[in-house]
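J.: Got a structure here, written out as structure tokens. Questions coming.
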Amino acid sequence: MRELTLTKTRFTGGIWEGVVTGGAGPLEVVLDAEPVQGVTLEALPEGGRLLRVPVPAEAIGDGIRCFVIRSPADGAILGQFAVIGGELADAALVSEVALLRAELDLLKRAFRRHCSETG
């Protein structure tokens, strides 16, 4: 199987969209380590699949909310996006820290799973 790739196409009307190429497996989108509901993945006539991620209303507010798009088979991160609301002086730095925290959570879960499977 070829490696999955994700290319953002647009983010409008509260729906993030991207094109997935290189595989047929499922994807999952998580926010604060919880799966996002209403995510769709549909075949495109020209090849690839269209991923649509609705941003839930509870994710909109002050601060930064990071969405992580990954393969549930191996936990590989295909992409991420952040929604920023309210007043932030150093939005870029805060956004990077939030993304790092989301990736660290993924690594912790993978490590714990590895330890329990090999222990």
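Readers should treat all values here as calculations from the given coordinates under stated rules, not as data from a laboratory. These figures come from a predicted structure and were not determined experimentally. Here the Cβ is made from the backbone with ideal geometry for all residues, glycine too, and neighbour counts use every protein chain on show.
J.: Does GLY61 count as in contact with a strand residue (DSSP E or B) (Cβ under 8 Å, 6 or more places away or on another chain), of a type outside the set (Lys, Arg) and over 20 Å from LEU4 (Cβ atoms)?
T.: Details: in contact with a strand residue (DSSP E or B) (Cβ under 8 Å, 6 or more places away or on another chain): yes; of a type outside the set (Lys, Arg): yes; over 20 Å from LEU4 (Cβ atoms): yes.
In short, yes.
J.: Let me ask something else. Return the pairs, sorted by first residue and then second, in which the second residue is among the acidic types (Asp, Glu), the first residue lies in segment 4-20 and is over 12 Å from VAL83 (Cα atoms), the beta carbons are less than 8 Å apart, and the residues are 6+ apart or on different chains.
T.: Note: pairs meeting the criteria are LYS8/GLU17; THR9/GLU17; ARG10/GLU17.
J.: In this structure, is VAL19 aliphatic (A, V, I, L, M) and over 22 Å from LEU104 (Cα atoms)? Even if it seems obvious, please write down each step before you answer.
T.: Details: aliphatic (A, V, I, L, M): yes; over 22 Å from LEU104 (Cα atoms): yes.
Yes.
J.: Same structure, new question: Of all the residues that make up segment 36-74, how many are of a type in the set (A, V, I, L, M) and either without any contact (Cβ under 8 Å) to a residue 24 or more places away in the chain or over 24 Å from GLY85 (Cα atoms) (or both)? Give the derivation first.
T.: Step one: of segment 36-74, the residues of a type in the set (A, V, I, L, M) are 36, 39, 41, 43-44, 50-51, 53, 55, 57, 59-60, 64, 68-69, 73.
Within this subset, residues satisfying the condition of being either without any contact (Cβ under 8 Å) to a residue 24 or more places away in the chain or over 24 Å from GLY85 (Cα atoms) (or both) are 39, 41, 43-44, 50, 57, 73.
Of the residues in that region, 7 qualify.
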